[in-house]
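Undergrad: Pasting a structure below so you can have a look.
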Amino acid sequence: MDNCIFCKIVAKQIPADIVYEDEELLAFRDIRPAAPVHLLLIPKQHVATLSDCGDEEAALLGKMIARVPRLAAVHGCSAVQGADGQYVGGFRTQINTGPVGGQEVYHLHMHITGKPRS
């Protein structure tokens, strides 16, 4: 997509603080973070919204979800079980879809937010 800012980030036409990249996915720091850790995980393939996904995107969506805990761990905000059996830490994932859902950039993206454990 010619005017998609995330496609331009994928094409390295716009700089971003990239924290992860593979053949299908790219993760980078949000330029307006809402939390101490605020990453955006996107598919390199342009898909405008989650509503545009069908069965053919199932593997890609699964790969995105599977990558989230690893990204959270690298950035110190994974949920871990303590010696007492209770979980500490954690992160939030969010996909905004459409104007009512708060989507501002029409390229599928997942927000990963959290706070590093102290």
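Undergrad: Considering only the stretch 48-58, I want to know if a residue exists there that is at positive phi and touching a residue at least 24 places away in the same chain (Cβ under 8 Å).
TA: Taking the stretch 48-58 and keeping what is at positive phi, we get none.
The answer is no, given that none of the residues of the stretch 48-58 is at positive phi and touching a residue at least 24 places away in the same chain (Cβ under 8 Å).
Undergrad: Could you tell me whether any residue of the stretch 7-25 is under 21 Å from G101 (Cβ atoms) and of a type outside the set (V, I, T)?
TA: So in the stretch 7-25, the residues under 21 Å from G101 (Cβ atoms) come out as 7.
Right, trim to of a type outside the set (V, I, T) and you get 7.
Yes, some residue in the stretch 7-25 is under 21 Å from G101 (Cβ atoms) and of a type outside the set (V, I, T).
Undergrad: I'd like to verify a number: residues in the stretch 102-118 that are assigned to a loop (DSSP other than H, G, I, E, B) and closer than 22 Å to K44 by Cα, how many? Please lay out each step first, then the result.
TA: Start the filter on the stretch 102-118 by keeping residues that are assigned to a loop (DSSP other than H, G, I, E, B), which leaves 102-109, 115-118.
Then drop every residue that is not closer than 22 Å to K44 by Cα, which leaves 102-109.
Qualifying residue count, the stretch 102-118: 8.
To keep it simple, each residue is scored yes or no on (1) part of a loop (DSSP other than H, G, I, E, B); (2) modelled with pLDDT of 95 or more; (3) open to solvent by 50 Å² or more (accessible area, probe 1.4 Å).
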site	(1), (2), (3)
A35	yes, yes, no
H38	no, yes, no
L41	no, yes, no
A48	yes, yes, no
A59	no, yes, yes
G62	no, yes, no
A66	no, yes, no
R70	no, yes, yes
A73	no, yes, yes
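Undergrad: For the stretch 8-33, which positions are more than 28 Å from G89 (Cα to Cα) and open to solvent by less than 20 Å² (accessible area, probe 1.4 Å)?
TA: Once the filter is applied, which keeps residues that are more than 28 Å from G89 (Cα to Cα) and open to solvent by less than 20 Å² (accessible area, probe 1.4 Å), the stretch 8-33 yields only I9.
Undergrad: Then there is this: Please state which of the following conditions A83 fails to meet, knowing it meets all the rest: (1) of a type in the set (G, A, S); (2) crowded, with 18+ Cβ neighbours inside 10 Å; (3) not in a strand (DSSP E or B).
TA: (2)
Undergrad: I'm trying to understand the selection: among the residues of the stretch 86-104, which are open to solvent by 30 Å² or more (accessible area, probe 1.4 Å) and either over 16 Å from C53 (Cβ atoms) or without any contact (Cβ under 8 Å) to a residue 24 or more places away in the chain (or both)? Show your work before the answer.
TA: Here is the first cut: in the stretch 86-104, the ones open to solvent by 30 Å² or more (accessible area, probe 1.4 Å) are 86-89, 91-95, 97, 99-102, 104.
Q86, Y87, V88, G89, F91, R92, Q94, P99, V100, G101, G102, E104 - these are the residues of the stretch 86-104 that are open to solvent by 30 Å² or more (accessible area, probe 1.4 Å) and either over 16 Å from C53 (Cβ atoms) or without any contact (Cβ under 8 Å) to a residue 24 or more places away in the chain (or both).
Undergrad: Could you grab me the full set of residues in the stretch 2-16 that are aliphatic (A, V, I, L, M) and out of contact with any helix residue (DSSP H, G or I) (no Cβ under 9 Å at 6 or more places or on another chain)?
TA: Across the stretch 2-16, the qualifying residues are I5, I9, V10, A11.
The values are calculated or read from the model by the stated rules, or taken from the named source; none is laboratory data. Predicted model, so just to flag it, every value in this text is computed and none were measured. Every residue, glycine among them, receives a Cβ derived from its backbone with ideal geometry; neighbour counts consider all protein chains shown. Accessible surface is based on the protein model in full, side chains and every heavy atom, while ligands, DNA and RNA are left aside. Shrake-Rupley method; radii C 1.70, N 1.55, O 1.52, S 1.80 Å.
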